[in-house]
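The values are calculated or read from the model by the stated rules, or taken from the named source; none is laboratory data. Note that the structure is predicted; figures quoted are calculated from it, not measured. Note that we place each Cβ from the backbone using ideal geometry, even for glycine, and neighbour counts take in every protein chain shown.
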Amino acid sequence: MRFGWKGLIVALAVTAAVAATTIALTAGHSSRSVALGPQGHPIPTSPAPSTAPSTVPPRTSPTPAPNKTDLNESKEPRAELEATKVGAVGTVLVDTKGFTLYHLAGESDMMIQCTGGCASVWPPLLAPGGKLPLADPALVHSLGTVKRPDGGVQVTYKGLPLYTYAGDSRPGQANGQGIESFFAVKL
C-alpha cells in the first residue's frame with residue numbers, strides 16, 4: 001500500500017464524514033451548507049444561526065382553508081350569490097363560480113320535488129351547516145333555506161329552492177333553461 005494504514009484510516013474517515021453529511025443534508029437535518037476540512041471534519045460555510053432575539057416577526061402561514069364538509073356531508077364550498085347577465089336569458093342569479101341557478105316550476109320551500117336521480121342532474125344549492133351563503137347585499141333579504149327530504153339544507157330565493165344544472169360546463173351558460181320545467185332564476 002502506498003499510503004499505509006494511517007492513510008487508509010484517514011481516507012475511510014473522510015468517506016464516512018462525506019456520507020454522513022450527504023445523508024444529513026438529504027434527510028433535511030441541516031439547513032446550512034457543510035464543507036469538509038483537510039482532516040475530513042465538517043466546516044460550516046454559512047453563518048451559524050443567531051441566538052439573539054429577532055426583531056423580525058415570525059413568519060406565519062396563511063389562514064387554513066375552512067373545512068368544506070358541512071353538517072349535511074356536502075363537499076361544496078359556501079356559494080356567493082350575485083346577479084349577472086347570461087346570454088339571451090338575461091340577468092339571472094349565479095353562484096360564486098358564475099354558474100346559473102335554476103328553480104323547478106311548481107316547487108316551493110313547502111314541497112321539494114327534485115330528489116334522487118333528479119338531484120344528480122340538478123344538484124341543489126346547499127347551505128353548509130344551515131347557514132345562508134354570502135350574497136350581494138341587494139339579494140340577502142330574499143334568501144332563505146329549506147330542509148330537503150334527504151336531510152340537506154337547501155338555499156331558496158323568494159321561496160324557490162335553488163339548483164345548478166349538470167349540463168352547464170362553464171360559467172355564463174344556461175343550458176338547463178326550460179328543460180324538465182327548470183328555469184333560470186331571473187332578476
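Numbers at a glance
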quantity: Neighbours by Cβ (under 6 Å, 6+ apart or cross-chain): first from the range 83-94, assigned by TED's automatic domain parsing to the domain that holds VAL140; second among the small types (Gly, Ala, Ser) and not in a strand (DSSP E or B); calculated: VAL86/GLY172; VAL86/ALA174; VAL89/ALA174
quantity: Subset tally (residues that are in contact with an Asp or Glu (Cβ under 7 Å, 6 or more places away or on another chain), buried (at least 20 other Cβ atoms within 10 Å of the Cβ) and in a loop (DSSP other than H, G, I, E, B)) for the range 115-143; calculated: 2
